[in-house]
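Asker: Please read through the structure below; I'll follow up with questions.
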Amino acid sequence: KDIQFIRSNYYNKLEIARFTSSLGKFVGYTEFGVKQANYWNSNPSFISGLKAQREAYCLTNVGIDYQTA
């Protein structure tokens, strides 16, 4: 249950914004990143798609990492 989906956006090797499934929204780290985060957060279908990525990608693949040989 403590698995997170994180999507980071970079520009010139600087992280400008990050989506974390635990928060459920984007957080901006630069002036441009804050503007982008506000834009992305205002689109509920985009945010719900990213939240669904946790179930689709993370939770289906977590068993692979914890399998015993």
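The values are calculated or read from the model by the stated rules, or taken from the named source; none is laboratory data. Since this is a predicted model, take the numbers as computed values, not measurements. Glycine gets a Cβ as well: all are built from the backbone with ideal geometry, and neighbour counts include every protein chain shown.
Asker: Pick from GLU15, GLU31, GLU55: which is among the charged types (D, E, K, R), out of contact with any Leu (no Cβ under 7 Å at 6 or more places or on another chain), at pLDDT 90 or above and loosely packed, with under 13 Cβ neighbours inside 10 Å? Walk me through it before giving the result.
Answerer: Details: GLU15 fails: loosely packed, with under 13 Cβ neighbours inside 10 Å; GLU55 fails: at pLDDT 90 or above.
After ruling out the rest, the residue left standing is GLU31.
Asker: Six or more apart or on different chains, Cβ atoms under 8 Å: show the pairs whose first residue is in the range 1-29 and in contact (Cβ under 8 Å) with a residue 40 or more places away in the chain and whose second is surrounded by 13 or more Cβ atoms within 10 Å (Cβ to Cβ) and part of a strand (DSSP E or B).
Answerer: GLN4/THR20; PHE5/PHE19; PHE5/THR20; ARG7/ARG18; ARG7/PHE19
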